[in-house]
Amino acid sequence: MDLTPIGLWTHALDHLPMGRAREVAAEIEELGYGAIWIPEMAGRDPFVSAALLLEATERIVLATGIANIYSRDPLSMACAQNSVTEAFPERFLLGIGVSHQAAVEGLRGQTYGPPLATMRAYLDGMDLGFYLATPPTTPTHRVLAALGPRMLELAATRAEGAHPYFVPVEHTAIARATMGPDAGLHVEQMAVLDTDPGSARATARAAMAMYLGLPNYTNNLVRLGWTEEDIADGGSDRLVDAITVWGDEATIAARVQAHRDAGADHVCVQVLTPEFTGLPLDAWRRLAPALVG
């Protein structure tokens, strides 16, 4: 699978009619990005979206960042992965994760289990290999949403690698050291194409607010040495600047390169807009020469 070093992570396509989303995906491919990462929360089904977007493009990889293991049982997840892979060989990357207690219990009404044990048992279920439809002609590919050392180790041994989200560059170096040289490391990086510190940080804080209320992310930040004072009240300027790179095209490209230098194989850039549902198409166009050449 050829992800290339740079992709885009976006929820914006969920906020477009599917016909328009397919047109935008085709343009993202033309701009030279290697992958489009799409989330799963309470929007379109990620497998349906991936298939429709892949059908509208020719080469780009569609990746889930992430498909929630509480949304479907292990057999259903494996069957869906096989279905999309068979239709689009070497163009679908399944990222799966345990999500968050608030989302699992609040939105889905399920019981949130111990993350590591739950993921390990889920992978066991996926790996049973019971699939009665026409099988893919190429291997399936999966990565795990991973932040802490034990989940990173699981990602290196039971998947093709990890998809860390909401992390500074320092975490990328730790993840690479934890997983070893061979596991894939596909890191998300938030970005604001804005050189004004006030407005850029305001955009970043609006996007970061939800994540700073989720223990999986805040516990990881504390593990990295960030303080409760850094995390409180929307995040200190230092934390905002570590999680979200803002500035011109060269500044954003430098942060992406910093992840690559720290050991990332692929960086998926999430361009933020002042409006949560905004489509950052102009920013994607402007960034393409700096990020993908």
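Structure data summary
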{"read-out": "Members of the stretch 85-98 found to be without any contact (Cβ under 8 Å) to a residue 40 or more places away in the chain and either part of a loop (DSSP other than H, G, I, E, B) or among the acidic types (Asp, Glu) (or both), listed by number", "value": "88"}
{"read-out": "Identity of the residue in the stretch 145-167, small (Gly, Ala, Ser) and not in a loop (DSSP other than H, G, I, E, B), that ends up nearest to residue 269 (Cα to Cα)", "value": "162"}
{"read-out": "Enumeration of residues in the stretch 193-219 that are among the charged types (D, E, K, R) and touching a Phe, Trp or Tyr at 6+ places or on another chain (Cβ under 6 Å)", "value": "194"}
{"read-out": "Where a residue in the stretch 147-165 is on the phi > 0 side of the Ramachandran plot and its partner, wherever it lies, is part of a loop (DSSP other than H, G, I, E, B) and crowded, with 17+ Cβ neighbours inside 10 Å, with Cβ under 7 Å and at least six apart", "value": "161/183"}
{"read-out": "Filter result (in contact (Cβ under 8 Å) with a residue 40 or more places away in the chain and either among the acidic types (Asp, Glu) or surrounded by fewer than 20 Cβ atoms within 10 Å (Cβ to Cβ) (or both)) within the stretch 186-198", "value": "188, 194, 195, 197"}
{"read-out": "Residue satisfying all of: in the stretch 168-191; over 17 Å from the mean Cα position of the chain (by Cα) and not charged (D, E, K, R); nearest to residue 267 (Cα to Cα) among these", "value": "173"}
{"read-out": "Any chance residue 181 is in a loop (DSSP other than H, G, I, E, B), surrounded by fewer than 17 Cβ atoms within 10 Å (Cβ to Cβ) and at pLDDT 95 or above", "value": "yes"}
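Every residue, every condition in (1) of a type outside the set (D, E, K, R); (2) modelled with pLDDT of 95 or more; (3) crowded, with 16+ Cβ neighbours inside 10 Å, yes or no:
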residue: 209; (1), (2), (3): yes, yes, no
residue: 212; (1), (2), (3): yes, yes, yes
residue: 217; (1), (2), (3): yes, yes, yes
residue: 232; (1), (2), (3): yes, yes, no
residue: 236; (1), (2), (3): yes, yes, no
residue: 241; (1), (2), (3): no, yes, yes
residue: 244; (1), (2), (3): yes, yes, yes
residue: 250; (1), (2), (3): yes, yes, no
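The values are calculated or read from the model by the stated rules, or taken from the named source; none is laboratory data. What you are looking at is a predicted structure, and each value in this text was computed from that prediction instead of being measured. All Cβ positions, even for glycine, are placed from backbone atoms using ideal geometry, and neighbour counts span all protein chains on display.
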